[in-house]
Structure formats: C-alpha cells, structure tokens
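Notes to accompany the following structure.
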C-alpha cells in the first residue's frame, strides 16, 4: 500500500512539472516589434525633400514664364525691326515718314556744278550742284538729265554705266554687276514742298531738323550742305522759279530755275 502511494506522488509531481514547463513556453510574452529601417522619420524627410523640389519647380516655372514674356517682347521688337529693314532697300538710303531718302557722302574734291565737274560721276557727292532747267521753265536741266538719270538709269555699283535699255542685265554685261538703279530702284525724284503758292516744308519735313545742328539734318542721312536744296515744286506765282529749301536755317525760298543748287533724292517707300 505504501508503495502504491509513493508511486502516485511521483506521477503527480511529474505531471505538475510538465504543466509548469508547458505553461511557461506557451505564455512567454512576444518580443517588441522592431520598426522597419527608416520608418516614419525617413518618410517625413522624403516628403520634405519632395516639397522642396516642388517649390524649386514652381520657381523655375515662374522664371521660365518671365523669360518667355521677355522673349515675346524681343520677338515683337525684332518683327518691327524687320518691317523697317524691309522698307529700307539699301544702307545707302534711309527711311523716314514713309519716304526713302538718298544718303549723301562727302569724298572731298570741292563744289562742282554738274555735269562736267570733277566729282559729278558720283551723284551722291554732297558738294555737287545742279541747274533745274536749261529752257527756262521745263524740268529738263541737269537735275533731271544728269543727277536723277544716274540714280534711275545707272547701275547701283557704278552710276556712270547706263542700264536704261536692259536693266540689271546691262550692269552684269558691263561687269559691274548689282542692280539697275540706285539701291535697286528706278523711281527716284526730287521732294516736293507743301503748297506751290506759299511753300512749306512738305516732304522735306521728314528729313530737315535744325535742332540737330548747323546742317539741319540727322547724320543718319549722311552729310548736308548748309545751303539750299531744290524741290520738284514750281512756284505758282512764277513758272521760271522753283521752291528751294535751306538746310542752313530751314527756310523755304523761291529760286530761279536757271540757277544751281544742291539736291537730295527721295522715293516713295518701300
């Protein structure tokens, strides 16, 4: 009997130990989870970087928009310049008030009454002078038969070469090339005053400005003689006279057509 009891006690002890060991394994607290590398701080940092990048992008976009506006402005200016350039066929002619004016030069050689003077081969010489008429009234003097004839019927590169018959081909055949007519045009003429009976600057108003200096002309037009310049306008009160505009004082006077005066040609643009 005693042996049975001891055996029961031993079995019970083993059972209790087994239960304790099982309970300790089953109810051990789980380990605290380790957050993934970076975690929330890394995410927040990435978001800040993204926001910074977006701000930079917006700033760059603003800059590009401003640059585009500037570019548009420059393009408009360029277009305006292009229109002006297209209206100006040559560096030897200058545009103003819808007219294209001959640009004079001053190679020296003194004043010549043309034709026949030493500088008369160059119709752009500022010192050359011409007579309006040889018959008293009609526009048949060297102003028209020599000066304007060289501009309209001479080769641009050499106005002494006549191209009135064949145009540009005459210039090419003569070996001077270039176009027929000054700056490639053959419609050069003298400017007109405002009113044949009372004068007035008329077309000269686009080029004459005595506030600039003694020659009353902007240097862009080349030099000007401080003297009178023939107009195409006959004085209504006397057919033997024509209006003459002074580039020394801006005065509009009447001059006898058989006298000599300076000239500057003009044409309607472009």
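The values are calculated or read from the model by the stated rules, or taken from the named source; none is laboratory data. Nothing here was measured: the structure is a model prediction, and the numbers come from that model. Neighbour counts are summed over all protein chains in view; Cβ atoms, including those assigned to glycine, are modelled from backbone coordinates with ideal geometry.
Tell me, yes or no, whether segment 136-146 has at least one residue that is within 34 Å of the chain's Cα centre (by Cα) and either modelled with pLDDT of 95 or more or closer than 15 Å to residue 259 by Cβ (or both). No, there is no match, as no residue in segment 136-146 is within 34 Å of the chain's Cα centre (by Cα) and either modelled with pLDDT of 95 or more or closer than 15 Å to residue 259 by Cβ (or both).
Would you confirm, using the coordinates I've provided, whether residue 230 is surrounded by 22 or more Cβ atoms within 10 Å (Cβ to Cβ), on the phi < 0 side of the Ramachandran plot and in contact with a helix residue (DSSP H, G or I) (Cβ under 8 Å, 6 or more places away or on another chain)? Yes: the conditions hold for residue 230.
Starting from residues that are touching a helix residue (DSSP H, G or I) at 6+ places or on another chain (Cβ under 6 Å) and surrounded by fewer than 20 Cβ atoms within 10 Å (Cβ to Cβ), keep the ones in segment 185-200 and report whichever is modelled with the highest pLDDT. Of everything passing the filter in segment 185-200, 186 is modelled with the highest pLDDT.
Of all residues assigned to segment 203-210, none qualifies as being modelled with pLDDT of 95 or more, out of contact with any helix residue (DSSP H, G or I) (no Cβ under 8 Å at 6 or more places or on another chain) and surrounded by fewer than 20 Cβ atoms within 10 Å (Cβ to Cβ).
Residue-level check: of (1) surrounded by 19 or more Cβ atoms within 10 Å (Cβ to Cβ); (2) modelled with pLDDT under 95; (3) under 20 Å from residue 111 (Cα atoms), residue 151 misses just (2).
Of the candidates 112, 90, the single residue that is in contact with a helix residue (DSSP H, G or I) (Cβ under 9 Å, 6 or more places away or on another chain), surrounded by 15 or more Cβ atoms within 10 Å (Cβ to Cβ) and either at pLDDT 95 or above or closer than 23 Å to residue 191 by Cβ (or both) is 90. When 191, 159, 118 are checked against the criterion of being farther than 18 Å from residue 245 by Cα and under 31 Å from the mean Cα position of the chain (by Cα), 159 stands alone in meeting it. For residue 158, which of the numbered conditions (1) touching a strand residue (DSSP E or B) at 6+ places or on another chain (Cβ under 7 Å); (2) within 22 Å of residue 118 (Cβ to Cβ) fails to hold? Only one criterion in (1) touching a strand residue (DSSP E or B) at 6+ places or on another chain (Cβ under 7 Å); (2) within 22 Å of residue 118 (Cβ to Cβ) is unmet by residue 158, namely (1). For the criterion of being within 23 Å of residue 111 (Cα to Cα) and in contact with a strand residue (DSSP E or B) (Cβ under 8 Å, 6 or more places away or on another chain), residue 201 fails. Taking only segment 235-250 into account, find how many residues are under 15 Å from residue 137 (Cβ atoms) and surrounded by 22 or more Cβ atoms within 10 Å (Cβ to Cβ). Final tally of qualifying residues: 3. Number of residues in segment 117-152 that are touching a strand residue (DSSP E or B) at 6+ places or on another chain (Cβ under 6 Å), without any contact (Cβ under 8 Å) to a residue 40 or more places away in the chain and part of a helix (DSSP H, G or I) equals 3.
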